[in-house]
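Throughout, read-outs are computed from the coordinates displayed, never taken from laboratory work. Since the model is a prediction, treat every value here as computed from it, not as a measurement. Quick reminder, even Gly has a Cβ in these numbers, built from the backbone with ideal geometry, and neighbours come from all protein chains shown.
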Amino acid sequence: MLEQTTTLEEALGLELLELNEDRAYGRFSVTDTVKQHLGVVHGGVYASLAESLASHATHLGVSKDGNAALGLSNVTNFLRPVSGGEVHGAATCLHRGRTTWVWDVQLTDGEGRLCAVSRVTVAVRPAP
């Protein structure tokens, strides 16, 4: 029997620094664990950061009504490789609907340069 001891966010070292229903901000340090074979941050890590920020913030807005926030769509475009330092993510809510919330997420390096952008749609469903 396998026991899960670490979430993806813990494995990435995600730090949530700001979290509310309109905005979420977080970061992680670039370590070998988050790099792909060419030595730059793996694209899936950017997408994971974007979805985590959007999902956590949506959860804040919908959980009080007995709902859950579940990733529905994540389109991430990569603009600049990052091989060290930190990656920062800033998510801004664009739409709050009854069944979906839509987020714009900008991912930057430690110097504030835009490295990736994501559009994340989060489904709002009754909590299990």
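Details
- Most mobile of Thr92, Thr31, Thr58 in a GNM of the chain (Cα contacts under 10 Å): Thr31
- Range in the chain, longest, excluding exposed trypsin sites (Lys or Arg not before Pro) [loop by DSSP; at most 13 other beta-carbon atoms within 10 Å]: 1-97
- Alpha carbon Rg of the chain, scaled by the compact-globule rule 2.2 N^0.38 Å: 1.06
- Rounded to the nearest 20, the Cβ-based charge dipole of region 1-75 about its Cα centre (Lys and Arg +1, Asp and Glu -1) stands at 180 debye.
- With the helix formula -39500 (n - 2.57) applied to DSSP H stretches of n ≥ 4, the chain reaches a computed 222 nm mean residue ellipticity of -6000 deg cm²/dmol.
- Helix 43-62 and the long axis of the chain differ in direction by around 30°, with both axes built from C-alpha atoms.
- Listed residues Ala11, Ala57, Ala47, most fluctuating in the chain (Gaussian network, C-alpha, under 10 Å): Ala11
- Mean Cα-pair separation over length for region 13-126, i.e. relative contact order, pairs under 8 Å, 6 or more apart, %: 29 percent
- Net charge dipole size for region 13-126 [Lys, Arg +1 and Asp, Glu -1 on Cβ; Debye, nearest 20]: 320 debye
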